[in-house]
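K.L.:
My questions will all concern the structure given below.
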Amino acid sequence: MDRQGYFDHAIFFIVVITLYTIGVMQTTFLPTPWEIGYALEEQFEQGLLIPALEAAVYAIAVGYFIAVIVGIPVGVAMGIDRHVNSFLNPYVNAIYVVPFSALVPALVIWFGTGYQVRVLVVFFFAVFPIVMNSQEGARTAPENLIEAARSFGADRLYIIRNIVLPHEISYVVAGLRLGIGRAVKGLVITELLISATGFGLLLHRYSARLEFAGVFSVVLLLMTMGIVSVWTLKQIESRIVHWEA
Amino acid sequence: MSTALRDQIKVSLEGIFSRSRISVGLWESMVGILIGILLWEWYATDKPVFFFPGWFDILDALSVQFAEGELIPSLQGSLQTLFLGFFLAVIVGVPLGLSMGMNERLASLLNPYINALYVAPISALVPIIILVGGASFESRVAVVFLFAIFEITITTYEGARTTPNRIIDVAKSFGASRYFIFRRVVLPYDLPYIFAGMRLGVGRAVKGMILAELLISWANLGAMIRTAQNNINVAGVLSIVLLLMILGLILTFVLKKASQYLTPWQPEVNV
């Protein structure tokens, strides 16, 4: 970032802080940052946050893991074979179109309010970009490079190792990054809709008591979770896929 | 099966299909969907109706909801929320994306925040929206707005940013003003992107709408889902889910057609 950029961000920051301060003074619902900090500390000390966080991370980890080990092979198969592609395409699109928040009530009747629903929704949210990207990568393997390698007598293994895989992996890793962001979104939706357990219970409780700082701290935690997980995978992505700037 | 035999079957199959107007791929998709529907129906046969309904039970539930006179007013109410929120997202998001595309300084200032909010779970803000706006129509519109706007802004910006520099340079070398470049170069290039962003945004708007109706105040279609849930009537939940899916598909389709009609120079972009 250049000097002008830093300057702009500083001005923007000051404007936001000023607006927030006015908001804190003029309205009743905006808590100050330290109030949010205290609320967070209190939630930790009362032992409310850790179990909710554990359950959430567990659901994300399991759902995302299943999405990865299912999504990549399915996507690659769809990219390689157009019959598989047209056979499975309606389902992949359906996963994207279904409003899962509307489906959660049905899922609760089927699976209860425990971790199964969370894992399931996280899986469906995460699997879509992973499948799409793996498919796109496999479909667009650079033909001309493969032809060139072949005409120089390269064997199949060499072509896969040096052309197809480096091309595919950049797509897959991007899919994994998009997938983790959507996994967190899926989790948050289930947490909000299932107010009997986890973060949903916390939010429900603080909202009912009009403890604004308590609500803000949980909300900020959830949003940070989404941003940090995507950012982490972005860093890993730029390490792995260093050839695609 | 030997490769030669497989190829021969393929050729003869394609011969059959090429005579009909529907492509092989579409046939395969339809077979895929049919298998899914049959599997669902087969799984539902020995399950109680309230717990795992078959397709006819779901359609039945929809017709009951329609006959009880609840469906149409609910749908109208939902659409009102949806369109107002989406409209606001368009009239804020498109100018924002365009001005970011025209002004690099503004873009580098706002980009990190917009990208962060784009990947962050926006639905987490709903509890705060409830605290601020209460269980009101405005709160629900705000959720739809927040769900749709980032998709629209980012896609619009992407189109404006990638306007080919050589065209802008040509315009400049002929003495075009900034407004002329915006009106005659950037905007026509960006318009397909704007439509693409609206297409993506309207899908998200539907999701935001139903989430708001389930969480903020049990209203319209969301209230119908909640009622069905409380009565342990899965068919009643799934019928609304089906309706919402169809609604999303129709709106996406309409925007796609509108884009093909209104921007014939580049009917579609992939973003």
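K.L.:
With +1 on each Lys and Arg Cβ and -1 on each Asp and Glu Cβ, and nothing else charged, work out how big the dipole of the protein assembly as shown is about its Cα centre, in Debye to the nearest 20.
P.N.:
1120
K.L.:
Right, another one. Give me A:Arg161, A:Arg3 ranked fewest to most by other Cβ atoms within 10 Å of their Cβ, as a rough exposure proxy. If you can, show how the numbers build up before the last one.
P.N.:
Details: A:Arg161 12, A:Arg3 7.
Fewest-to-most Cβ neighbours within 10 Å comes out as A:Arg3, A:Arg161.
K.L.:
If the chain between B:Ile37 and B:Phe180 were fully stretched, how many nm would it gain, using 0.36 nm times the residue separation less the Cα-Cα distance? Spell out each step's value before the answer.
P.N.:
Numbers: separation 143, 0.36 × 143 = 51.48 nm, distance 5.42 nm.
So the extension gain works out to 46.1 nm.
K.L.:
Would you mind computing, in nm to one decimal, how far apart the modelled labels at A:Thr18 and B:Ile250 are, each placed 7 Å from Cα along Cα→Cβ?
P.N.:
A separation of 4.8 nm, rounded to one decimal place.
K.L.:
Now for a different question. Only Cα pairs within less than 10 Å get springs; with that Gaussian network setup on chain B, which residue of B:Leu71, B:Leu110, B:Leu26 has the largest fluctuation?
P.N.:
B:Leu26
K.L.:
So which residue, out of B:Leu117, B:Leu82, B:Leu62, gets the largest mean-square fluctuation from a GNM of chain B using Cα contacts under 10 Å as springs?
P.N.:
B:Leu117
K.L.:
Over its Cα atoms, what ratio of radius of gyration to 2.2 N^0.38 Å does the protein assembly as shown give?
P.N.:
1.06
K.L.:
Check the straight Cα-Cα distances from A:Lys234 and name the lysines below 23 Å, setting aside those fewer than 8 residues away within the same chain.
P.N.:
Straight-distance partners of A:Lys234: A:Lys185.
K.L.:
Give me the number: length gained by fully extending A:Leu145 to A:Ala61, i.e. 0.36 nm times residue separation minus the C-alpha to C-alpha distance, one decimal in nm. Could you put the intermediate results ahead of the total?
P.N.:
On the way: separation 84, 0.36 × 84 = 30.24 nm, distance 3.73 nm.
Residue separation times 0.36 nm, minus the Cα-Cα distance, leaves 26.5 nm.
K.L.:
If each residue's Cβ is checked for other Cβ atoms within 10 Å, how do B:Thr155, A:Thr18 rank with the fewest at the top?
P.N.:
A:Thr18, B:Thr155
K.L.:
For a footprinting-style exposure proxy, rank A:Arg205, A:Arg239, B:Arg199 by other Cβ within 10 Å, fewest first.
P.N.:
Fewest to most other Cβ atoms nearby, the residues stand as A:Arg239, A:Arg205, B:Arg199.
K.L.:
Taking R0 as 60 Å, what's the FRET efficiency between B:Ser99 and B:Thr45 from their Cβ-Cβ distance, rounded to 0.05? Walk me through the numbers on the way to the answer.
P.N.:
On the way: r = 58 Å, r/R0 = 0.97.
Efficiency computed from Cβ-Cβ geometry: 0.55.
K.L.:
Something else now. State which helices in chain A qualify, where a helix is a whole DSSP H run, it must extend 24 Å or more along its own axis by its Cα atoms, and its mean Kyte-Doolittle hydropathy must be at least -0.5.
P.N.:
A:3-26, A:49-80, A:115-139, A:165-193, A:212-240
K.L.:
For an R0 of 30 angstrom, estimate the FRET efficiency from the Cβ-Cβ distance between B:Tyr118 and A:Thr28 and round to the nearest 0.05.
P.N.:
Once rounded, the FRET efficiency stands at 0.50.
K.L.:
Which aspartates and glutamates have a Cα lying under 17 Å from the Cα of B:Lys256, excluding residues fewer than 8 positions away in the same chain?
P.N.:
B:Glu151, B:Asp190, B:Glu268
Readers should treat all values here as calculations from the given coordinates under stated rules, not as data from a laboratory. On a predicted model such as this, the values are computed, not experimentally measured, just so you know. Every residue, glycine as well, gets a Cβ built from its backbone with ideal geometry; the counts of neighbours run over all protein chains shown.
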